[in-house]
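Colleague: Before I ask anything, let me first share the structure, which is written out below as structure tokens.
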Amino acid sequence: MQPTIVLVHGAFAESASWDGVIDPLVSAGHPVVAAANPLRGLASDAAAVSDLVRTIDGPVVLVAHSYGGAVITDVAADAGEIVGLVYVNGFAPEARESAFTLAGKFPGSTLGEATVRPVPRSDGTTDLYIDTDPFHDMFCPDVPAPQAAVMAATQRPATAEALYEPSGERPLWKALPSWFVFGELDRIIPAEVQRFMAKRAQAHRTIEIPGASHAVPVSHPDATAHLILEAASLHVAA
């Protein structure tokens, strides 16, 4: 049975960020689900994805972008037949690490008070958006300006609480094979952070795309799909 590919978007994005990746996966015969990541809290977001995985028969490859990487790291190991993890410019935290902690581990992230617009909510949480003016330069400078404008307008906020919430005690990358792909010029999660996480996870394969931004699923969908298919094929070959 071909693995089902579950795609988990990150903060400041939404499921359409996977549009260019989905066609090659479907053409290769894989069922694909682009999950709606709630972006409300790390533990609750991971529980939501775990619930989705429980409805899927057969093997599953979890793929995540940005904050979504922290989410798949905390998915319940027994949620389904999870056979691999693919981090696309994604956080792969150790136990008790947060996304913001990792983003600041090495210099280079432009995400901060000067570039983020907070929106206090009535439930006591705070939504965070990237300001429209710096969005293109920060998030996706290798995407055409008109497309970047749409991405900025349709971005879904994550709560500050989610981005600061410590990861769980059992990172899934310690138990499963992982693959990493990221942009050399990522201004959200610096490349040095991603190299560190890939090495720590003993990644099966790591690809650093020269000149690429944080938005690799959008700007380099073929490279992203190729690595996902490699991860899926390892299970099929086994």
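Colleague: Whether any residue in the range 17-35 is under 16 Å from the mean Cα position of the chain (by Cα), free of Cβ contacts under 8 Å to residues at least 60 places away in the same chain and open to solvent by less than 20 Å² (accessible area, probe 1.4 Å) is what I want to check.
Modeller: Scanning the range 17-35 turns up at least one residue that is under 16 Å from the mean Cα position of the chain (by Cα), free of Cβ contacts under 8 Å to residues at least 60 places away in the same chain and open to solvent by less than 20 Å² (accessible area, probe 1.4 Å).
Colleague: While we're on this one: State all residues of the range 85-138 that are of a type in the set (Ser, Thr, Tyr) and in contact with a His (Cβ under 9 Å, 6 or more places away or on another chain); if no residue qualifies, say none.
Modeller: Within the range 85-138, just TYR87 meets the criteria.
Colleague: Okay, moving on. Report, by residue number, each residue of the range 111-125 that is in contact with a strand residue (DSSP E or B) (Cβ under 7 Å, 6 or more places away or on another chain) and either surrounded by 11 or more Cβ atoms within 10 Å (Cβ to Cβ) or in a loop (DSSP other than H, G, I, E, B) (or both).
Modeller: Matches in the range 111-125: THR115, VAL116, ARG117, PRO118, VAL119, ARG121, THR125.
Colleague: Might you check whether a residue that is in a helix (DSSP H, G or I) and under 20 Å from PRO93 (Cα atoms) occurs anywhere in the range 9-22?
Modeller: Within the range 9-22, none of the residues are in a helix (DSSP H, G or I) and under 20 Å from PRO93 (Cα atoms).
Colleague: Test of understanding: among LEU102, LEU128, which residue is touching a Pro at 6+ places or on another chain (Cβ under 7 Å), in a helix (DSSP H, G or I), of a type outside the set (Ser, Thr, Tyr) and touching a residue at least 60 places away in the same chain (Cβ under 8 Å)?
Modeller: When all the criteria are applied, what remains is LEU102.
Colleague: On to the next question. Would you check if there is a residue in the range 152-171 being in a helix (DSSP H, G or I), closer than 30 Å to GLU81 by Cβ and either among the small types (Gly, Ala, Ser) or in contact with a strand residue (DSSP E or B) (Cβ under 6 Å, 6 or more places away or on another chain) (or both)?
Modeller: yes
Colleague: If you check ALA47, ALA13, which single one turns out to be closer than 27 Å to GLY112 by Cβ and either of a type outside the set (Val, Ile, Thr) or over 13 Å from the mean Cα position of the chain (by Cα) (or both)?
Modeller: ALA13
Colleague: Looking at (1) more than 30 Å from THR132 (Cα to Cα); (2) open to solvent by less than 30 Å² (accessible area, probe 1.4 Å); (3) over 14 Å from the mean Cα position of the chain (by Cα), can you tell me which one LEU52 breaks?
Modeller: Result: LEU52 passes all but (2).
Colleague: Tell me, please, whether a residue that is farther than 18 Å from VAL83 by Cα, open to solvent by 60 Å² or more (accessible area, probe 1.4 Å) and outside any helix (DSSP H, G or I) can be found in the range 199-206.
Modeller: no
Colleague: So is VAL181 outside any loop (DSSP other than H, G, I, E, B), within 25 Å of PRO107 (Cα to Cα) and touching a strand residue (DSSP E or B) at 6+ places or on another chain (Cβ under 6 Å) or not?
Modeller: Answer is yes for this residue.
Colleague: Within the range 66-83, take every residue that is open to solvent by 10 Å² or more (accessible area, probe 1.4 Å) and assigned to a strand (DSSP E or B) and give me the one that is nearest to SER233 (Cα to Cα).
Modeller: The extreme case among them is VAL83.
Yes/no per residue for (1) open to solvent by 10 Å² or more (accessible area, probe 1.4 Å); (2) touching a residue at least 40 places away in the same chain (Cβ under 8 Å); (3) in contact with a Pro (Cβ under 8 Å, 6 or more places away or on another chain); (4) outside any helix (DSSP H, G or I):
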| residue | (1), (2), (3), (4) |
| --- | --- |
| ALA64 | no, yes, no, yes |
| VAL88 | no, yes, yes, yes |
| ALA92 | no, yes, yes, yes |
| GLU97 | yes, yes, yes, yes |
| SER109 | yes, yes, yes, yes |
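Colleague: On to the next question. Hey, ALA145 hits all of (1) within 28 Å of TRP173 (Cα to Cα); (2) open to solvent by 50 Å² or more (accessible area, probe 1.4 Å) but one; which does it fall short on?
Modeller: It is condition (1) that ALA145 fails.
The values are calculated or read from the model by the stated rules, or taken from the named source; none is laboratory data. Computed from a predicted structure; not experimentally measured. Glycine gets a Cβ as well: all are built from the backbone with ideal geometry, and neighbour counts include every protein chain shown. Note: areas computed on protein heavy atoms with side chains; ligands, DNA, RNA excluded. Shrake-Rupley method; radii C 1.70, N 1.55, O 1.52, S 1.80 Å.
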